[in-house]
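Note sheet for the following structure.
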There are 2 protein chains.
Amino acid sequence: MRDFSRSLPMSLLRAREAVMRQFRPALREHGLTEQQWRILRALAAIDAVEVTELARTAFLLGPSLSRILRDLEARNLIERKTAKADQRRSMVSISKEGVKLMASVAPNSEAIYAEITRRFGARKLAELQEMLGALELCLAELGGADDTIAEG
Amino acid sequence: MRDFSRSLPMSLLRAREAVMRQFRPALREHGLTEQQWRILRALAAIDAVEVTELARTAFLLGPSLSRILRDLEARNLIERKTAKADQRRSMVSISKEGVKLMASVAPNSEAIYAEITRRFGARKLAELQEMLGALELCLAELGGADDTIAEG
DNA sequence: CGCATTCACTTAACATGTTAAGCAATTTCC
DNA sequence: GGAAATTGCTTAACATGTTAAGTGAATGCG
């Protein structure tokens, strides 16, 4: 069997970990996890979203998002209100405090990203991202666990 | 701020998830998680290893590995014995049952990997892996949380 | 209308990720 | 030789990943 440490999943895992290692300390200083940061960033780009849509954007599973939103709401970093038209839906938005927190983290985060880009090379980085996107696309067609496309 | 859904961490996360989606169902059929599978594969390649070395190989943190080894030992898929020379060290190896389980999963796993390679293209895949390795390397120099190199 | 189905979200249960603390065996250094 | 530091591993505590089940609201349809 192929040396698993050179398999694609391991390569992707190690690469991602190498990247996230750079960011985690800065986030930690502000009491944020990687996933909480993703949610705040997703929310900062829009006015308000439904939970399901937010899950897709932040790439989190429903149950994880449910828990995190509960905690972020308790910390007054986000706000929720149920939609008028459909009581099942809950609209999530970032709070003033949330915006303030983002503002205090963003510069540091941007600096780290810039350094990574500088070291790896902007062109190479773009190339890499394009390949990752292509991989994702070609596997999306293939499907996988509970793929909604193939089951229609 | 840059659209975070196009950031490098997100690209890596989505790509990896797209890949793992293909494998998880097969592993699940045999009652294995991705991490347990990584450990068995790492063990299959050698006679016996120390826990710390296994953690490095399977890319798992100590505490995670500790728990998983406890469970795999309870399922008789691995074996442990403390080293004679140093009572702190524990040597881990795969059991006969473990080998048998691997043999029953490996063909399926290999087939999935082959299909991914076929769809994405072997050459492109090699290129991608090379870029991932380069990224990892260039960030390793940069360091990160609790980096042992920079602290010596 | 009424009832089964679907939908949006939450809870539950278990496995892992992550950091800090604990513990015993070993090594250092005087 | 022995106290202090280090090492190898485990536990603890909390956050998230993952799948299944639960709950209340909306929808489809007879």
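Tabulated data
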{"read-out": "Exposed trypsin sites (Lys or Arg not before Pro) absent - longest run of chain B, DSSP non-H/G/I/E/B, at most 12 other C-beta within 10 Å", "value": "B:3-83"}
{"read-out": "Computed FRET value (nearest 0.05) for residue B:99 with residue A:127, which takes r as the C-beta separation and R₀ as 41 Å", "value": "0.50"}
{"read-out": "Rounded to whole Å, sorted largest first: equivalent-ellipsoid semi-axes of the stretch B:40-117, Cα gyration tensor", "value": "25, 14, 11"}
{"read-out": "Net charge contributed by nearby residues that have their C-beta within less than 12 Å of residue B:7 (K/R +1, D/E -1)", "value": "+3"}
{"read-out": "Spatial separation of Cα centroids for the stretch B:42-60 and the stretch B:94-108, in angstrom", "value": "16"}
{"read-out": "Helix-derived mean residue ellipticity, 222 nm - over chain B, DSSP H n ≥ 4, -39500 (n - 2.57), to 500", "value": "-22000 deg cm²/dmol"}
{"read-out": "Relative contact order [Cα under 8 Å, 6+ residues apart], chain A, whole percent", "value": "19"}
{"read-out": "Segment residue A:50-residue A:75, length gained on full extension (0.36 nm per residue, minus Cα span)", "value": "7.0 nm"}
{"read-out": "Karplus 3J(HN,Hα) series, Hz, for the stretch A:93-109 with 6.51 cos²θ - 1.76 cosθ + 1.60 (x for Gly, Pro)", "value": "9, 7, 8, 4, 4, x, 4, 4, 4, 4, 4, 7, 9, 3, x, 4, 4"}
{"read-out": "Highest-MSF residue in chain A out of A:109, A:64, A:95 [GNM, Cα springs under 10 Å]", "value": "A:64"}
{"read-out": "Estimated FRET transfer efficiency when R0 is 45 angstrom, pair residue A:35-residue B:85 (beta carbons, to 0.05)", "value": "0.55"}
{"read-out": "Ranked list, fewest to most other Cβ atoms within 10 Å of each Cβ, for A:39, A:46", "value": "A:46, A:39"}
{"read-out": "Whole-number D in µm² s⁻¹ for the protein assembly as shown, Kirkwood Cα-pair radius fed into Stokes-Einstein, 25 °C, 0.890 mPa s", "value": "114"}
{"read-out": "Convex hull of Cα atoms in chain B, direction-averaged projection (nm²)", "value": "12.1"}
{"read-out": "Total charge dipole magnitude, chain A, about the Cα centre, Cβ charges on Lys, Arg, Asp, Glu only, Debye to nearest 20", "value": "560"}
{"read-out": "Highest-MSF residue in chain B out of B:71, B:47, B:86 [GNM, Cα springs under 10 Å]", "value": "B:86"}
{"read-out": "Residues of type lysines that residue B:81 reaches as a straight line, Cα spacing below 18 Å, ignoring anything fewer than 8 places off in the same chain", "value": "B:96"}
{"read-out": "Inter-chain shielding of B:122-131 (mean C-beta neighbours from other protein chains, 10 Å cut-off)", "value": "4"}
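Quick note: the coordinates plus some simple rules give every number you see, no bench work behind them. Not measured: the values here are computed from a predicted model. Glycine gets a Cβ as well: all are built from the backbone with ideal geometry, and neighbour counts include every protein chain shown.
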